Structures are given as C-alpha cells and as structure tokens.
Amino acid sequence: MSSLRLINIDKSFGKTAVLKNINLEVEEGEFVVFVGPSGCGKSTMLRIIAGLEDATSGTIEIADQVVNDVPPAKRGIGMVFQSYALFPHLNVRDNLALGLKQSKEDKQLIDERVKESSRILHLDPYLERFPAQLSGGQRQRVAIGRAIARHPKLFLFDEPLSNLDAALRMSTRVEIANLHRQIDTTMIYVTHDQIEAMTLADRIVVLRDGVVEQVGTPMELYNNPVNQFVAGFLGLPSMNFLPAEQIGSKQGATAGIRPEHLVFGESGPIDATVVYVEQLGGDTNVIVKLAAGAELTARLFGQHKYSVGDKVKVAVDEDNIYLFDADGKRIR
C-alpha cells in the first residue's frame with residue numbers, strides 16, 4: 001500500500017510557478033528525503049502534503065485516500081518543524097500530551113502514549129522540566145515525541161536540525177534514524193543538507209526550481225546522476241567540472257570528476273599547481289590549478305604534506321569520468 005501519492009501537483013503563487021507537475025509515490029515505511037537548494041519548492045511540497053497549503057492543481061493521497069479537501073488535523077500526520085513550537089508554560093509531559101488532549105482522547109490512552117514517546121526518545125528524566133530548562137537537542141526530541149504520541153500515518157520533518165550545532169545535528173540525526181527503525185512509520189524529511197539526505201534516506205528526491213530532477217537511493221544518485229545538477233549537488237567536496245577537452249576527452253561539453261577519483265603521482269598525464277590545502281586530519285583536500293586553467297579539488301585519504309605552489313602530476317581513471325552535454329544532460 002502506498003503511504004503517500006502525489007499526482008500532477010502544481011503550485012503557483014500568483015504568476016510564479018513554485019511546483020511543476022510533481023509525481024511521486026512513497027511506500028509504507030519508507031524514509032524519503034526532499035533535498036535541493038533554497039527556493040526549489042521542497043518546503044512548499046511538504047506543506048501541501050500537510051494541508052497547510054493548497055495545491056493549485058493535482059491530487060494528494062495519504063494511505064490511498066484523497067485528502068485534498070481534508071483539513072490538516074484529519075490527515076493522520078505528525079509534523080516536526082524547524083522551530084520546536086513547544087509551549088513554554090507547559091512541562092515536557094504536558095507538551096507531549098497536548099495534541100492528544102486537544103483531540104479529546106481518553107486519559108488512560110494519553111498516559112500510555114506519553115510514556116511510550118518518552119521511552120523511545122529517552123525523555124523520562126525531563127518530564128517535569130519546562131522548555132526553557134532544556135537544551136536545543138532535548139527540545140527537538142520533545143517536538144518529535146509530541147508527533148509520535150499521535151501515532152500518525154505519516155511523519156513530516158521540515159528542516160528539524162537547522163537550529164542545532166554540528167555535534168547535536170549528528171547525534172539527533174542518529175536518533176531520528178533509530179526512531180524510524182523502531183516505529184517503522186513512513187517519514188518525509190525536508191533538508192538542504194546533503195549529509196542528512198545521504199545518511200537518513202531510503203530514497204532521495206532532488207528538486208530544482210519546482211521540478212523533480214531525480215529520485216533514487218543515495219548511492220544511485222551519487223553513482224548515476226542523470227544530469228550535471230544532481231551530480232554537483234550530492235557529494236562533499238562537490239564534483240569537479242571542467243571543459244571536457246582539458247582532460248583530452250572528445251566527447252561532451254563538460255567533464256565531471258569526483259574529488260576522491262583524482263590521483264596525484266609522478267607519472268600522471270596532467271600538470272597542475274597546488275593553490276590551496278585543507279588538512280582535515282583523516283582527509284586532505286587539495287585544490288590544484290591545471291595548466292589549461294581549470295581548478296580541481298582532490299580528496300586524499302589520510303594526511304599529505306602538500307604546500308601552495310607545489311607542482312604535481314594528476315591522473316584520473318577513465319571509468320570515473322562523467323560527461324555531460326551542453327544542456328547538462330549526462331551522456332556517459
């Protein structure tokens with residue numbers, strides 16, 4: 001059974017088209033991540049699924065039921081926002097219970113659901129605390145717990161980790177992944193962060209300018225991007241692009257090479273000069289300028305002692321060169 005189906009979804013604000021003919025099917029229990037640059041339409045798409053925005057045209061189905069005219073509270077969704085949206089005058093226990101109380105659920109059911117959410121997210125020590133007494137990560141867990149307590153058919157996450165520092169983003173990302181394994185509920189997650197997308201998703205939906213560019217597993221998109229945009233969006237450091245003739249290729253307008261596929265050695269066919277070095281401990285990123293003019297970033301495993309101005313020979317395996325035509329479509 002499909003948990004979510006979007007059929008020919010269009011959304012315009014006045015004369016501005018924000019989403020263009022979106023078609024997507026999400027299976028029950030999947031973790032799907034919408035990713036793309038700012039303004040690509042990913043949050044608008046999430047709000048349409050939630051019922052917070054109306055589609056200009058098209059059909060939204062949740063659990064095989066059309067919900068275009070169903071209000072948000074009746075769609076069976078749990079939504080977690082970038083802002084925690086906790087009530088400061090309520091303690092953690094009451095914040096977890098709030099949605100169920102508003103739905104006038106039985107007190108015993110509310111107590112059971114609050115205990116369940118608290119246990120899953122390790123919130124038992126904080127139940128009597130107020131939001132001001134919690135860290136950012138703890139507040140986000142309470143917001144997630146409030147959604148869990150409703151037993152939704154579908155979880156919607158709108159950039160939930162954006163307000164956290166790097167360490168908390170990583171730990172909370174692990175908690176969300178573990179949560180999905182525990183409760184096995186369909187999750188739709190919006191982010192601009194490709195690391196979140198690559199590490200959390202069963203499938204990634206890449207958007208640009210309101211259009212779905214590609215849908216697939218993280219490794220499908222990384223290894224087999226359909227165009228130059230997807231190739232450049234996923235991967236850190238991002239894929240190198242340069243005129244194809246600068247590496248001796250007679251095919252395509254643009255060549256793409258991932259940083260980890262560049263090799264430095266004494267016999268490489270390409271002459272280059274080091275222009276910048278990033279020592280990251282476990283990895284070393286080296287930016288070089290080719291004699292033909294292009295700059296490339298190489299990701300080298302381990303620690304390497306290169307300095308600005310060093311002359312190097314660069315090689316790349318032919319099997320790891322991507323080629324794109326003048327319109328950015330991948331041809332190899």
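The values are calculated or read from the model by the stated rules, or taken from the named source; none is laboratory data. Worth saying up front: this structure is predicted, and the values here are computed from it rather than measured. Note that we place each Cβ from the backbone using ideal geometry, even for glycine, and neighbour counts take in every protein chain shown. The area values use the complete protein model at the heavy-atom level, side chains included, leaving out ligands, DNA and RNA. Shrake-Rupley method; radii C 1.70, N 1.55, O 1.52, S 1.80 Å.
The table that follows gives values for the structure above.
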{"item": "Candidate set: segment 130-162, residues that are in a loop (DSSP other than H, G, I, E, B) and surrounded by 16 or more Cβ atoms within 10 Å (Cβ to Cβ); chosen: the one modelled with the highest pLDDT", "result": "F130"}
{"item": "Which numbered condition L121 fails, given (1) open to solvent by less than 20 Å² (accessible area, probe 1.4 Å); (2) within 30 Å of I7 (Cβ to Cβ)", "result": "(2)"}
{"item": "Pairs where the first residue, in segment 161-172, is more than 11 Å from S135 (Cβ to Cβ) and the second is assigned to a helix (DSSP H, G or I) and among the β-branched types (V, I, T), C-beta under 7 Å, 6+ apart", "result": "L161/T172"}
{"item": "Selection from segment 171-186 of residues that are open to solvent by 20 Å² or more (accessible area, probe 1.4 Å) and aliphatic (A, V, I, L, M)", "result": "V174, A177, I183"}
{"item": "Which listed residue, of L221, L168, is surrounded by 22 or more Cβ atoms within 10 Å (Cβ to Cβ), in a helix (DSSP H, G or I) and among the aliphatic types (A, V, I, L, M)", "result": "L221"}
{"item": "Single residue of segment 1-34 satisfying the filter (surrounded by fewer than 16 Cβ atoms within 10 Å (Cβ to Cβ) and among the hydroxyl-bearing types (S, T, Y)) that is farthest from V190 (Cα to Cα)", "result": "T16"}
{"item": "Filter result for G78 (surrounded by 13 or more Cβ atoms within 10 Å (Cβ to Cβ), among the small types (G, A, S) and in a helix (DSSP H, G or I))", "result": "no"}
{"item": "Odd one out for D193 among (1) open to solvent by 20 Å² or more (accessible area, probe 1.4 Å); (2) closer than 22 Å to K20 by Cα", "result": "(2)"}
{"item": "Filter result for the condition that a residue is at positive phi and modelled with pLDDT of 95 or more, over G248, G252, G293, G328", "result": "G328"}
{"item": "Members of segment 296-309 that are touching a residue at least 12 places away in the same chain (Cβ under 8 Å) and loosely packed, with under 14 Cβ neighbours inside 10 Å", "result": "F301, G302, Q303, S307, V308, G309"}
{"item": "Residue check, V312 open to solvent by 40 Å² or more (accessible area, probe 1.4 Å), farther than 21 Å from Q228 by Cβ and either part of a strand (DSSP E or B) or of a type in the set (K, R) (or both)", "result": "no"}
{"item": "For S83: the one exception among (1) closer than 22 Å to I195 by Cα; (2) touching a strand residue (DSSP E or B) at 6+ places or on another chain (Cβ under 6 Å); (3) among the polar types (S, T, N, Q)", "result": "(2)"}
{"item": "Wholly enclosed strands (runs of 3 or more DSSP E) of segment 234-281 bearing at least 2 residues farther than 12 Å from E295 by Cβ", "result": "254-257, 262-264, 270-279"}
{"item": "Residues within segment 182-205 that are closer than 22 Å to V215 by Cβ and either charged (D, E, K, R) or more than 11 Å from the chain's Cα centre (by Cα) (or both), tallied", "result": "8"}
{"item": "Top-ranked residue in segment 234-247 [being in contact with a helix residue (DSSP H, G or I) (Cβ under 8 Å, 6 or more places away or on another chain) and open to solvent by 40 Å² or more (accessible area, probe 1.4 Å); ranked as farthest from D193 (Cα to Cα)]", "result": "F241"}
{"item": "Residue in segment 192-207 that is assigned by TED's automatic domain parsing to the domain that holds G145, within 23 Å of I120 (Cα to Cα), modelled with pLDDT of 95 or more and in a strand (DSSP E or B) present", "result": "no"}
